[in-house]
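Student: For reference, the structure I am asking about is given below.
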Amino acid sequence: MMDVKPEDRRPFPGLGSDPQSVRQRVEAMERLLERAITIPGTKQRIGLDVILDLVPVAGSTAAALMGAYMAWEARNLGMSKTQMTRMAGNIGLDWLFSLIPWVGAIPDFFFRSNTRNLRIIKRHLDKHHAGTATIDVPPR
């Protein structure tokens, strides 16, 4: 019988609790929520966060919960209470904006709380887990 390492037993790559796996998950979540689709004829990108805002209350709440997942991952990294408070404030402000039916999608398009929270997480990872640092290439 072949020896299998514990990290090879995971059904999907990146499901570990190591900082590199967390970084991959929060980057993927931010991309889904903020930059999943390019608006035809423009270079502007929107994500599920703005689209969900078009569904009154339930959509806004679902988007906030998805953003809260990023904060939960950040908490598991041992981020400070100050950083966590800033992230919670970003999520809460985004949620409040998006509660305004239809119109709430507009400030959400510009505020992008998940991108702000990803920036906070990346700063923490770059400082405390330098091995996870990546080079960001701007989208074309």
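Student: Report whether or not Arg31 is assigned to a helix (DSSP H, G or I), without any contact (Cβ under 8 Å) to a residue 40 or more places away in the chain and in contact with a helix residue (DSSP H, G or I) (Cβ under 7 Å, 6 or more places away or on another chain).
Tutor: No: the conditions fail for Arg31.
Student: Go through segment 127-140 and give me each residue that's at pLDDT below 85 and part of a helix (DSSP H, G or I).
Tutor: Ala130, Gly131, Thr132
Student: A further question on this structure: Enumerate the pairs (first residue in segment 51-66 and over 14 Å from Glu34 (Cα atoms); second residue anywhere and assigned to a loop (DSSP other than H, G, I, E, B)) with beta-carbon separation below 7 Å, excluding pairs fewer than 6 apart on the same chain, so at least 6 apart or on different chains.
Tutor: Every condition considered, the pairs that remain are Leu54/Trp102; Pro56/Pro101; Val57/Leu99; Gly59/Asp53.
Student: Using the structure shown, decide if Glu27 is surrounded by 15 or more Cβ atoms within 10 Å (Cβ to Cβ), in contact with a strand residue (DSSP E or B) (Cβ under 8 Å, 6 or more places away or on another chain), under 25 Å from Thr132 (Cα atoms) and not aromatic (Phe, Trp, Tyr).
Tutor: So Glu27 does not fit the description; no.
Student: Scan segment 44-55 for residues that are more than 17 Å from Thr115 (Cα to Cα) and loosely packed, with under 14 Cβ neighbours inside 10 Å and report the count.
Tutor: Counting residues in segment 44-55 that are more than 17 Å from Thr115 (Cα to Cα) and loosely packed, with under 14 Cβ neighbours inside 10 Å gives 1.
Student: Same structure again: Taking segment 75-92, which residues are assigned to a helix (DSSP H, G or I) and at pLDDT below 95?
Tutor: Listed by number, the residues that qualify are Arg75, Asn76.
Student: What are the residues in segment 91-124 that are closer than 27 Å to Val22 by Cβ and among the aliphatic types (A, V, I, L, M), if any?
Tutor: Ile91, Leu93, Leu118, Ile120, Ile121
Student: State whether the residues of segment 74-90 include one that is more than 26 Å from Gly16 (Cα to Cα) and surrounded by 15 or more Cβ atoms within 10 Å (Cβ to Cβ).
Tutor: Yes.
Student: Still on this structure: Return the residues of segment 109-126 that are assigned to a helix (DSSP H, G or I), under 19 Å from Ala58 (Cα atoms) and out of contact with any strand residue (DSSP E or B) (no Cβ under 9 Å at 6 or more places or on another chain); say none if nothing qualifies.
Tutor: Ser113, Asn114
The values are calculated or read from the model by the stated rules, or taken from the named source; none is laboratory data. Everything quoted here is computed from the prediction, not taken from an experiment. Virtual Cβ from ideal backbone geometry, glycine too; neighbours counted across all protein chains shown.
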